[in-house]
Structure formats: structure tokens, C-alpha cells
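A.B. asks: Below is one structure. I have some questions about it.
The values are calculated or read from the model by the stated rules, or taken from the named source; none is laboratory data. Bear in mind the structure is a predicted one, so any value in this text is a computation, not a measurement. Cβ: placed from backbone, ideal geometry, glycine included. Neighbour counts: every protein chain shown. Each accessible area value is taken on the protein alone, full model and side chains, heavy atoms only, with ligands, DNA and RNA left out. Shrake-Rupley method; radii C 1.70, N 1.55, O 1.52, S 1.80 Å.
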Amino acid sequence: MKSGNLGYPRIGGNREWKKALEAYWAGKLDEAALHAELKAIRLGNLQRQREKGIDVIPVGDFTYYDHVLDTTAMLGLIPDRFGHTGGEPGLDVYYAVARGSKEAAASEMTKWFNTNYHYIVPELNEAAEPRLTRNRPLEAYREAKDELGIEGRPVLVGLFTYLKLAKGYAPDQLTGWIDRLLPLYAQVLRELQAEGVRWVQLDEPILTTTLSEEELAQVHRIYAYLTLEAPGIQLLVQTYFEAVDAYEAVVGLPVHGIGLDFVHDGGANRAALRKHGFPADKVLGAGVIDGRGIWRADLARQSALLTELGEQVAPERILVQPSNSLLHVPVRAAGEQRLDATLREALAFAEEKLEELALLARIGREGAAAVAGELAAAERAREALQQSPSRRREPVQRMTAELVAQPASRAGDVQTRRAAQEARWQLPLLPTTTIGSFPQTPEVRSARLKWRKGEWDDARYEAFVQEQIREWIDIQAELGLDVYVHGEFERTDMVEFFGEKLGGFAFTAGGWVQSYGSRCVKPPIIYGDVEFLAPMTVAETVYAQSLTDAPVKGMLTGPVTILNWSFVRDDLTREQVAYQIALALRQEVEALEAAGIGMIQVDEPALREGLPLKRDKWAAYLEWAVKAFRLSTCTVRNETQIHTHMCYSEFQDIIDAISALDADVISIETSRSHGELISSFEDGTYDKGIGLGVYDIHSPRVPAVSEMTGMIERALRVLAPEQFWINPDCGLKTRKREETVEALRNMVTATRQLRERYAAKTPSR
Ligand SMILES: Nc1nc2c(c(=O)[nH]1)N[C@@H](CNc1ccc(C(=O)N[C@@H](CCC(=O)N[C@@H](CCC(=O)N[C@@H](CCC(=O)O)C(=O)O)C(=O)O)C(=O)O)cc1)CN2
Ligand SMILES: [Zn+2]
């Protein structure tokens with residue numbers, strides 16, 4: 001039995017990767033230096049995996065931004081608007097697709113399955129002439145071999161997954177696109193074969209979603225072709241994040257190995273394998289270590305699972321693997337010296353997971369007795385956390401049970417609330433607002449760093465934050481926005497900030513995970529019962545409101561998003577944890593209302609990503625997710641306006657759940673998907689306030705007034721002007737100050753032009 005890995009974090013132990021990319025973009029690092037820095041990280045990652053005893057090490061999983069974009073570049077599919085005329089795109093073109101340029105808007109970015117990782121969506125175009133611009137996996141393989149003597153296993157995004165994630169073609173063109181790209185995949189594999197590569201990993205997570213018979217036949221066709229083209233190479237078709245939907249069809253693919261997730265499959269892969277067996281001539285990539293969670297594995301249980309699998313698959317044909325690429329977990333838990341030792345000892349980040357993989361493989365070869373000491377230590381660590389009093393806060397458990405038993409509805413219906421709120425605010429037609437955050441400038445970040453290091457005391461830091469708030473209240477007034485925000489300057493991140501203030505959460509010093517491009521997040525760890533300790537946002541919000549007569553929206557992160565963007569304890573259901581968070585947030589909502597704040601936004605950008613990959617599990621998830629949101633917001637008075645916000649996702653298929661949140665106003669990201677969402681409102685049943693983002697905030701590009709009027713007019717073809725709000729796609733924390741002010745100025749100008757036009761047509765509100 002051998003151990004294998006599927007992918008490793010790119011960002012480096014101290015986010016060296018992020019710093020190198022950003023320095024390059026800022027012109028502070030030249031191209032040669034960027035290549036050198038990234039190569040050092042890449043080789044360091046490979047070495048680490050070898051040191052930890054991993055037998056099969058992936059190569060080619062590293063990237064300069066995103067591995068899906070790498071595939072696009074490799075296949076010569078850069079969209080025309082970037083003016084690239086063929087051949088291998090240089091870094092300027094590559095980063096223009098990812099981030100936008102002066103001339104062209106960036107490609108859309110969306111969530112990678114049900115994770116908080118975002119990929120650049122391929123845009124296919126019938127007129128494109130795909131060709132292999134370079135063989136990236138081959139380069140990665142050679143580098144690992146030449147520099148370190150590592151015989152790596154090249155990784156590629158599988159063709160079917162790539163095409164299913166791409167946009168720009170009709171369903172009946174799928175076959176045609178397979179025909180066009182298959183020869184390129186074959187060429188990659190033939191060149192790898194010529195180099196002497198033995199195994200290649202093709203990631204096909206799409207096989208865990210529901211596919212039609214025809215689609216499965218296409219997958220079969222793809223792998224039959226590739227196997228024939230490169231017969232000397234053994235292909236591992238790797239699935240993850242759920243059970244495969246059509247077990248027999250998948251394990252019957254004409255390849256040499258199948259990778260299955262035995263952690264996030266709800267037991268279904270295991271049951272299918274027991275029922276149908278596993279082809280005797282194939283290797284089983286057994287995903288038995290959680291590649292997304294951060295808890296130490298129950299090694300006894302997982303090694304029993306391996307033993308059970310070994311009854312149907314010859315043990316020498318089993319590869320002990322993580323459930324998915326370790327891209328989704330932080331690098332190293334051992335360095336978290338400031339964490340409570342009981343908690344730290346119960347954690348396994350990427351490095352510790354490599355150790356677990358090696359240990360499980362060793363048990364498979366030598367038996368548990370050979371590693372009895374390690375096993376006992378791991379079990380003690382898990383048990384110590386389970387026994388901790390933080391997991392048994394009786395008042396929280398009782399109050400949560402009471403809360404869940406209550407109906408989660410606002411006092412008044414939508415019409416009653418709208419009337420009360422209109423009377424209170426007297427907003428103009430098409431009110432303008434923003435999503436919450438203003439630029440987290442280097443000045444803001446370095447002030448926070450000084451405070452954290454103790455160079456600044458609390459008073460000095462608070463005064464600094466107030467100064468920022470005052471400045472931006474003035475800017476909002478000068479711009480003529482209608483509903484203000486305080487700007488979130490006191491927050492590192494919208495989830496980490498709340499995690500730091502609630503009981504039952506821990507936060508790490510360096511537990512970073514890549515979210516998109518160079519942007520990383522540091523998910524808090526929910527290890528105990530969640531407890532509201534003291535108001536978290538009232539002081540800053542009330543301060544901001546004291547500076548102006550315009551309404552200032554309070555700004556909270558919703559229960560589902562806090563849950564989905566944290567690492568969550570695994571001894572309770574996610575539903576139970578969501579209700580605990582809802583209970584805490586309800587107390588914050590009530591505190592804001594009591595302090596005179598009349599509009600409260602509760603963001604739920606991660607509602608969609610928590611959706612199970614399998615459709616038949618959607619309803620149950622949405623029911624408790626919607627309930628958690630409503631529980632946290634339903635106790636306010638009719639004249640208090642609840643806002644919510646969502647971004648980064650496809651929303652068409654969950655519009656009903658979004659409506660069921662019963663928020664008075666919702667703002668949704670739309671512009672990067674070029675307004676595709678708008679048509680979802682054609683049936684006219686959405687009866688609450690809505691703002692469809694009128695410009696992309698992920699790009700430094702400042703959109704022209706006319707672009708925004710165009711976007712708004714399109715939306716107003718299906719939505720009533722009386723319900724429509726004007727706002728950017730998302731918060732502005734990643735933007736520079738000048739870009740932000742300029743873009744918002746254009747947004748207000750666009751709104752004023754349209755207001756004049758529509759005021760003539762509509763009665764005043
Ligand atoms: N949790 C979460 N998930 C999410 C989102 C989100 O906002 N939060 N949004 C979407 C993704 N969008 C994102 C947008 C921006 C950032 C982002 O800006 N991340 C920052 C980190 C934010 C942070 O915690 N900043 C710390 C500073 C951390 C830091 O770099 N400190 C420096 C020192 C300060 C400096 O000189 O910059 C250091 O330690 O060396 C702070 O503000 O205090 C980054 O990559 O840099 C992340 C995700 C989807 N998923
Ligand atoms: Zn957002």
C-alpha cells in the first residue's frame with residue numbers, strides 16, 4: 001500500500017506566493033525574479049511532500065494564478081478581447097484574463113464546486129482555434145525530476161470537467177468541443193509518455209454531480225480515446241467532494257485507476273464499492289484523509305476502512321490519498337503556538353495530513369502494531385478536545401433548542417414593512433448604496449498590525465478607525481450616495497472578524513487558504529459551542545451614524561456564511577452549528593436596532609456554495625440555511641430594513657430560497673457574468689427591494705457611466721424602478737481609494753441620468 005497526494009497549497013508557509021505576485025503586479029518585482037520566487041516555493045512544496053514520506057507526489061498542480069486558467073492558456077483559448085494572437089500567452093495576457101486590463105474586462109470568476117476557491121471561467125468561442133501552446137505538465141514533471149529527482153505524477157483538469165465548467169457554447173455543441181480538444185489532451189499525454197511518465201492524474205470532480213447517460217457516454221469516449229493514444233501511460237481519473245453519481249460507469253472507465261472520496265461521500269462510495277466491487281485490473285485512489293477539514297483523522301477508523309476496501313481491492317492496488325487536493329487547507333498547524341494546546345494538538349493542516357497519509361499507508365503495509373505509539377497519541381489528542389468544556393455550554397445548547405422551536409418570521413408581511421420603511425426613509429427612486437467595505441489600504445492594514453503587535457494601544461487604534469470612518473462618511477456625502485456604510489475598517493475579514501469576537505471560535509496566526517488569485521482568507525475554527533459575548537459592531541456603526549443624517553447600514557456576516565467560511569467542528573451537524581451562530585447574530589441585530597440603527601445588512605455570499613453537489617440534497621440544506629438566516633433577522637420591527645448581499649455564484653437556480661430569506665433588500669453580484677442573472681426575474685414574482693451590482697469590483701478598471709446605465713437599463717426591463725437599488729457588485733475592500741471614488745462617482749452620475757428619465761414615467765415613492 002502506497003501513499004499519494006492530489007495537490008498542495010501554492011501559497012507557501014508565509015504566503016510568499018501572494019507577496020511575490022502582488023509585488024510583480026505593482027512593478028516592484030521583475031519577471032525573472034517572479035519566476036525565481038515561484039520556483040523556490042514550488043520546489044519547496046515537492047521536497048516537503050517527499051520528506052513526509054509521500055510515495056506519489058503530484059506535479060503541475062502549482063500555478064501563477066489559477067489552475068483552470070492555466071488549462072485555458074495551455075489550450076490556446078484566451079478570449080479574443082485580450083488581443084492575444086496565438087502562441088503561448090505571456091504573463092501580461094495571462095493576468096489580464098484573470099484581473100482585467102485597461103482595454104478588456106476580466107473573465108468571470110466563480111466558485112470551484114462547493115469550496116471557497118474561485119477559478120477563472122473558460123469562455124469558449126466557436127471561432128477559436130485551439131492548439132497546445134505549451135505542455136505545462138511536462139515542464140513540471142521535468143523540473144521535479146531534474147532538480148529533485150522526484151518522479152512526479154502530472155495533474156491536469158480533466159477534459160470533461162473543464163468543458164462543463166466553461167461558458168460560451170450550447171449544450172448540443174459539447175460533443176463538438178470534445179472533438180476539438182481531445183487531440184490536444186492526447187498530445188499532452190503522448191509527450192508525457194515519450195518522457196517516460198508512468199501515471200497521470202486527471203481531475204474529474206464533475207463526475208460527482210448528476211450526469212445524463214449521454215454525458216457519461218462522452219466521458220467514456222474521452223478516456224477510451226486517451227488510453228488508446230497514450231497506451232504507455234496509466235491514467236488515474238480522480239473524483240472528489242462527493243460520491244460519484246454513476247459508480248459502475250465511473251469505475252468501468254477504460255483507464256488504469258479511479259480516485260474516490262471516502263470522506264465527503266456520505267458513505268455512498270463505500271456502499272457502492274461493497275455492492276458492486278471494484279475492477280481487479282485497476283488501482284483505487286482511496287480518499288481517506290479529509291482534504292478540506294482541519295481535524296486530525298480518526299486513524300483507527302480510517303485504517304479499518306482501508307482494511308475493508310482491501311477485502312475487495314488487492315492492497316497493493318490501493319493508494320492512500322486525501323479526499324481532494326490539499327489546496328483547500330492551510331499549510332502547517334504545528335506552528336500555531338498561540339492556540340490552546342488542546343485545540344492545536346487536534347488539528348491537521350496540509351503538512352500534518354501528509355504525515356497521516358504516510359502513517360495510514362504504513363499501517364496497510366506493516367500493521368497497526370508498528371505505529372502503535374503514533375496512533376495512541378493521535379487518539380488522545382482527539383479525545384482531549386472532545387472532552388473540553390467548550391463543547392458543552394449548556395445555556396447555549398438550551399437557548400438554541402428554544403430558538404429553533406420558534407417560528408422564524410418577521411412581524412409584518414412584505415407590503416406592511418415596505419410601507420413602514422418608505423415612510424421612515426423617504427429615499428429617492430433608485431437609491432444608491434455600497435456593499436459595506438471601503439479600501440483596506442496599506443495604511444489601514446499597517447495600523448492594525450501595529451495595534452496587534454502592541455505598538456499602538458486600543459485607544460490609538462480606535463481613534464485611527466474613527467478617523468477612517470469620518471473620512472469616508474464625508475466622501476459618501478460628497479458623492480451623493482443615499483445609504484451609507486461605515487466601511488468595515490476595523491475588520492480583517494468579514495468572517496474572521498466575527499470569529500474573533502464570538503465564543504467557541506479560535507483563530508490562527510498563519511492558517512491561510514487561497515480564495516482567488518493572490519487573495520487569501522484565514523478561516524476561523526469553530527471548535528466549541530458558539531456564544532455571543534458582547535456587541536461586536538455597535539460602536540463603529542453608531543459612531544458613523546452620529547456623523548450624518550443619512551441612514552448608515554449596519555453590517556453583519558450571516559450565519560450560513562460564517563459557517564461555510566469557517567472550519568467547523570465535526571461532532572455536531574452543520575445545521576446545529578448554524579443555529580448556534582444564528583442565535584448569537586440575533587443578539588447583535590437586536591443590539592444594533594436598540595442603538596438606533598434602522599438598516600441592517602446581513603451578508604450571505606456563501607449561501608450558494610454550501611449547496612450540496614447532489615440535487616436531491618438541496619432542499620434539506622436550503623431549508624435549514626434559510627431558517628438560520630431568518631432566525632437571526634426576524635425579531636426587528638417593521639420599519640427596520642433588513643438587507644442581505646450575495647456574490648460569486650450562479651443564483652438562477654436558488655432564486656426561491658433567496659426570496660424565502662425574506663430580506664427587505666438584497667444586493668447581488670451580476671456584472672462579471674455580464675448580467676445573465678437578470679433574466680431570472682422575468683416572471684416578475686420577486687417583490688422585495690433588489691440591487692443587481694452595476695460594476696465589477698474585482699478589477700482595477702473604472703467603468704464608464706454609459707456601461708453602468710446600460711447595465712441598469714437592462715435590469716429595469718424586468719424589475720420595477722421602485723424596487724431597484726443601485727450598488728457595486730460587492731464590497732470595495734480590495735480596491736484603491738482613487739479607483740473607488742471615481743467608480744462610485746460614475747455610478748451616482750449614471751443613477752441621476754436614469755432617475756430623470758424614470759421619474760417622468762413613475763409616480764413618486
Ligand atoms: N472569508 C472570506 N471568504 C471569501 C470572501 C471574504 O471576504 N472572506 N470573499 C470572497 C473572496 N474574496 C476575497 C477578497 C479579499 C480577500 C483579501 O483581501 N484577503 C487579504 C487578507 C485579509 C486580512 O486578513 N488582512 C489582514 C492583514 C493580513 C496581512 O497580510 N498582514 C500583513 C501585515 C499587514 C500588511 O503590511 O499588509 C502580514 O501579516 O504580513 C488585516 O487586514 O489585518 C489578503 O489576501 O491579503 C480575500 C478574499 C469569497 N470568499
Ligand atoms: Zn460580496
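A.B. asks: Is it the case that some residue within segment 371-386 is open to solvent by less than 70 Å² (accessible area, probe 1.4 Å) and within 16 Å of ligand 2 (Cβ to nearest atom)?
C.D. replies: There is no residue in segment 371-386 that is open to solvent by less than 70 Å² (accessible area, probe 1.4 Å) and within 16 Å of ligand 2 (Cβ to nearest atom).
A.B. asks: May I pose another question? Yes or no: segment 271-278 includes at least one residue that is over 19 Å from F241 (Cα atoms) and touching a helix residue (DSSP H, G or I) at 6+ places or on another chain (Cβ under 7 Å).
C.D. replies: The answer is yes; a qualifying residue exists.
A.B. asks: Also, I was wondering about something else. Looking at segment 446-474, I want the residues that are open to solvent by less than 100 Å² (accessible area, probe 1.4 Å) and have a partner that is of a type in the set (D, E, K, R) with Cβ atoms under 7 Å, at least 6 apart or on another chain. Which pairs are those?
C.D. replies: Listed by first residue and then by second, the contacts come to W456/K450; V465/E490; V465/E540; I469/E540.
A.B. asks: State the number of residues belonging to segment 206-243 that are under 18 Å from T115 (Cα atoms) and acidic (D, E).
C.D. replies: 1
A.B. asks: Also, quick follow-up: Looking at G76, is it open to solvent by 20 Å² or more (accessible area, probe 1.4 Å), outside the structural domain of E126 (by TED's automatic domain parsing) and assigned to a loop (DSSP other than H, G, I, E, B)? Give the derivation first.
C.D. replies: Values: open to solvent by 20 Å² or more (accessible area, probe 1.4 Å): yes; outside the structural domain of E126 (by TED's automatic domain parsing): no; assigned to a loop (DSSP other than H, G, I, E, B): yes.
The answer is no for G76.
A.B. asks: Just wondering, is there one or more residues in segment 687-705 that are open to solvent by 30 Å² or more (accessible area, probe 1.4 Å), away from ligand 1 (no atom under 16 Å from the Cβ) and not in a loop (DSSP other than H, G, I, E, B)?
C.D. replies: There is at least one residue in segment 687-705 that is open to solvent by 30 Å² or more (accessible area, probe 1.4 Å), away from ligand 1 (no atom under 16 Å from the Cβ) and not in a loop (DSSP other than H, G, I, E, B).
A.B. asks: Is it true that some residue in segment 606-615 is touching a helix residue (DSSP H, G or I) at 6+ places or on another chain (Cβ under 9 Å), more than 27 Å from P9 (Cβ to Cβ) and open to solvent by less than 10 Å² (accessible area, probe 1.4 Å)?
C.D. replies: Among the residues of segment 606-615, not one is touching a helix residue (DSSP H, G or I) at 6+ places or on another chain (Cβ under 9 Å), more than 27 Å from P9 (Cβ to Cβ) and open to solvent by less than 10 Å² (accessible area, probe 1.4 Å), which makes the answer no.
A.B. asks: Then there is this: Taking segment 721-742 as the region of interest, how many residues are among the aliphatic types (A, V, I, L, M) and either within 11 Å of ligand 1 (Cβ to nearest atom) or surrounded by 24 or more Cβ atoms within 10 Å (Cβ to Cβ) (or both)?
C.D. replies: Selection size over segment 721-742: 2.
A.B. asks: Hey, another quick one. Give the residue, chosen from F438, F489, that is within 31 Å of the chain's Cα centre (by Cα) and either farther than 30 Å from L719 by Cβ or aliphatic (A, V, I, L, M) (or both). Talk me through it step by step, then tell me what you get.
C.D. replies: Numbers: F438 fails: either farther than 30 Å from L719 by Cβ or aliphatic (A, V, I, L, M) (or both).
Among F438, F489, only F489 is within 31 Å of the chain's Cα centre (by Cα) and either farther than 30 Å from L719 by Cβ or aliphatic (A, V, I, L, M) (or both).
A.B. asks: Need pairs with beta-carbon distance below 8 Å; first residue more than 21 Å from T239 (Cβ to Cβ) and within segment 186-201, second surrounded by fewer than 19 Cβ atoms within 10 Å (Cβ to Cβ) and aromatic (F, W, Y); sequence gap 6+ or separate chains.
C.D. replies: Pairs found: A186/Y225.
A.B. asks: In segment 589-605, which residues are away from ligand 2 (no atom under 16 Å from the Cβ), open to solvent by less than 30 Å² (accessible area, probe 1.4 Å) and not small (G, A, S)?
C.D. replies: Hits for segment 589-605 are V589, L592, E593, I597, M599, I600.
A.B. asks: I would also like to ask the following. Looking at S101, S107, which is the one that is crowded, with 22+ Cβ neighbours inside 10 Å, in contact with a helix residue (DSSP H, G or I) (Cβ under 8 Å, 6 or more places away or on another chain) and of a type in the set (S, T, Y)?
C.D. replies: The unique qualifying residue is S107.
Residues checked against (1) part of a helix (DSSP H, G or I); (2) open to solvent by 60 Å² or more (accessible area, probe 1.4 Å); (3) out of contact with any Pro (no Cβ under 9 Å at 6 or more places or on another chain):
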| position | (1), (2), (3) |
| --- | --- |
| L21 | yes, no, yes |
| Y24 | yes, no, yes |
| L29 | no, no, yes |
| A32 | yes, yes, yes |
| N45 | yes, no, no |
| G53 | no, no, yes |
| V68 | yes, no, no |
| V93 | yes, no, yes |
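A.B. asks: Which condition number in (1) crowded, with 21+ Cβ neighbours inside 10 Å; (2) assigned to a helix (DSSP H, G or I); (3) of a type in the set (V, I, T) is the one that I678 fails?
C.D. replies: (1)
A.B. asks: For G412, indicate whether it is on the phi > 0 side of the Ramachandran plot and either out of contact with any Asp or Glu (no Cβ under 8 Å at 6 or more places or on another chain) or not acidic (D, E) (or both).
C.D. replies: no
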